[in-house]
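> I am attaching a structure below and will ask some questions about it afterwards.
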Amino acid sequence: MRAAARVAAIAVATAIVAAPARAPAEEPAAAAALDAEEEVPLPARVDEVEVTGLTRTKPYVARREIGFAEGDEVTTAMLDLAVARLWNTSIFAHVKGRVVRRGGRVVAAFVLEDRFTLNPLVGYGFGGSAFFFRVGASENNLFGHFLEAQAQYQFFDGFHGGQVIFRNPRTFGRRLETSLGVERLVRPRPGFADQRSLARLEVLALADEDVLRVGARVEAFADRFLPPLDGPERFPAATETLLFEPTARVGRVDTVRLRQKGASLEVRQGIGATSSPVTSTYTQTTAELLGFVVAGERWNFAMRARLATISRVPEHLELYVGGLDLLRGYLDNYVRTRGYVLYNLEVRYVAFDSTWIALMPVAFTDGMASEVAPRARFSAGVGVRVLVPKFVGTGLRFDLAVPFHQPTVAPNFGVYQFF
């Protein structure tokens with residue numbers, strides 16, 4: 001169990017009790033002033049596209065997401081898409097867009113507020129006599145150009161490693177995302193620790209108002225094995241692997257400050273070649289359905305359903321399920337399998353929302369069935385997300401989960417993510 005989980009129960013109770021029943025999100029003064037201006041019925045031809053409020057982000061980044069310019073006829077759908085794209089960059093803490101009339105001119109006015117996008121990365125854990133930690137930083141808006149970079153160092157019981165990632169979401173100024181990554185990280189597994197050296201290239205193209213995303217990922221990695229954190233030792237044979245993974249996503253999920261809306265279905269089909277004596281080639285498939293509904297000013301309903309399969313491979317390449325990311329209330333990598341289906345359902349409520357702190361209590365249930373588990377596994381519980389809206393990607397999640405098969409309460413603690 002992760003060391004930080006020991007404080008989860010106290011933190012959950014304290015955060016929920018301390019949260020006021022309501023607090024409105026703070027709005028920039030320019031956004032409030034924009035509401036007072038005369039709105040122009042759409043469609044309308046705009047004489048000017050105005051972007052205000054930027055401090056770090058270069059103006060061309062916002063204009064590129066807006067997608068229309070002076071002289072264009074703007075419809076309601078075009079304005080809504082521009083606002084959604086600005087929010088979906090994740091680098092803005094506030095977005096407002098309206099088409100207004102000023103002195104006989106039609107102005108498409110956007111009021112934005114930059115987020116702080118340089119964040120520390122810290123994580124740790126232990127088991128048996130071993131201890132590991134990671135430390136690093138990520139930047140989602142490098143030099144104000146909407147470029148992402150991440151670097152971190154890992155210490156794992158005497159072994160050193162790290163990770164470097166660079167991502168350009170708008171390669172060549174188009175809706176084309178490219179990312180490069182190299183890493184040497186140790187992943188704890190039951191019975192062994194997998195030290196993987198990996199290089200990755202991914203290219204994704206957005207089309208049809210971002211409703212369609214297609215692309216592919218190529219990974220080349222080598223696996224070597226270390227003593228486990230817990231349990232009896234066993235060491236699979238070292239392998240080298242090349243994996244090609246085309247992907248297609250239909251649908252779009254939009255983020256509006258703390259909540260999400262929309263739905264998407266993504267399918268990844270991988271084809272791999274490995275040096276393992278178990279097999280020389282293999283295939284793997286992952287299909288994931290996401291759905292989000294916004295209700296009123298505070299509620300958000302979230303759903304994820306995932307199906308994953310892999311053909312016969314050595315055990316370290318099989319699928320591992322359990323823990324905070326997929327199945328709360330169970331240990332990390334609780335199940336090793338070649339196929340599973342799972343779901344996650346959450347009801348979220350924004351109890352407090354301000355510039356510097358937001359609290360989101362949740363109730364949830366997770367479930368999974370696999371080809372190796374004797375029966376389906378389910379859990380349910382409550383938790384809270386502690387977020388800093390002014391910072392991108394910053395927040396913590398505390399969950400208390402009850403596995404249905406045993407009368408225990410399992411705390412989970414980690415970095416917040418929507419799914």
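> Could you compute the FRET efficiency for Val293 and Phe235, with r as their C-beta to C-beta distance and R0 at 41 Å, rounded to 0.05?
With R0 = 41 Å, the Cβ-Cβ based efficiency is 0.30.
> Residues with amide H under 5 Å of Gln195's amide H, sequence separation 5 or more or different chain, H placed in the peptide plane at 1.01 Å from N; which?
Long-range HN contacts for Gln195: Arg187, Arg224, Phe225, Leu226.
> Per DSSP H run of at least 4 residues, take -39500 (n - 2.57); add these up for the chain, divide by its residues and hand me the 222 nm value, nearest 500 deg cm²/dmol.
-2500 deg cm²/dmol
> Simple spin-label model, 7 Å along Cα-to-Cβ: Tyr124 to Leu180 in nm?
Simple spin-label model gives 3.4 nm for this pair.
> A further question follows. For the chain, what is the relative contact order in percent, using Cα pairs closer than 8 Å and at least 6 residues apart in sequence?
Taking the mean separation of contacting Cα pairs over the length of the chain, I get 12 percent.
> Using θ = phi - 60° and the Karplus curve 6.51 cos²θ - 1.76 cosθ + 1.60, what whole-Hz ³J(HN,Hα) does each residue of segment 320-335 get, with Gly and Pro shown as x?
10, 10, x, x, 5, 6, 10, 9, 6, x, 10, 5, 4, 6, 4, 10
> Who wins for biggest fluctuation among Pro169, Pro190, Pro277 in a Gaussian network model of the chain, springs between alpha carbons below 10 Å?
Pro277
> Using Cα pairs closer than 8 Å and at least 6 residues apart in sequence, work out the relative contact order for segment 301-377, in percent.
Here the relative contact order equals 29 percent.
> Calculate, for His405 and Ala33, the FRET efficiency according to 1/(1 + (r/R0)^6) with r their C-beta to C-beta distance and R0 60 Å; round to the nearest 0.05.
Result of the calculation: an efficiency of 0.60.
> What's the whole-number percent of alpha carbon pairs in segment 229-268 lying beyond 14 angstrom?
When every Cα pair of segment 229-268 is considered, 71 percent fall beyond 14 Å.
> When a footprinting reagent is the concern and you count Cβ atoms within 10 Å, what order do Trp299, Trp356 take, fewest first?
Going from least to most buried by this count: Trp356, Trp299.
> What FRET efficiency, computed as 1/(1 + (r/R0)^6) with R0 = 35 Å and r the Cβ-Cβ distance, is obtained for Ile357 and Val203, rounded to the nearest 0.05? Numbers along the way, then the final one.
Numbers: r = 38 Å, r/R0 = 1.07.
After rounding to 0.05, the efficiency reads 0.40.
> Would you pull out the residues with amide H under 5 Å of Gly270's amide H, same chain only if 5 or more places away, H placed 1.01 Å from N?
Gln284, Thr285, Thr286
> With Kirkwood radius over Cα pairs in Å as the read-out, I listed [x] 21.1; [y] 23.5; [z] 22.0; which label goes with the value calculated from this structure?
[y]
> A follow-up question, please. Tell me the relative contact order for segment 80-177 as a rounded percent, counting alpha carbon contacts under 8 Å between residues six or more apart.
Values: 168 pairs, mean separation 15.3, N = 98.
About 16 percent, as a whole number.
> Rank these for me by crowding, Asp114, Asp332, Asp208, going from fewest to most other beta carbons within 10 Å.
Details: Asp114 18, Asp332 22, Asp208 9.
With the sparsest Cβ surroundings first, the list reads Asp208, Asp114, Asp332.
> Can you tell me which of Ala248, Ala216, Ala30 moves the most in a GNM of the chain? Springs connect C-alpha atoms under 10 Å apart.
Ala30
No value in this document is a laboratory result; all are computed from the given coordinates. Bear in mind the structure is a predicted one, so any value in this text is a computation, not a measurement. Neighbour counts are summed over all protein chains in view; Cβ atoms, including those assigned to glycine, are modelled from backbone coordinates with ideal geometry.
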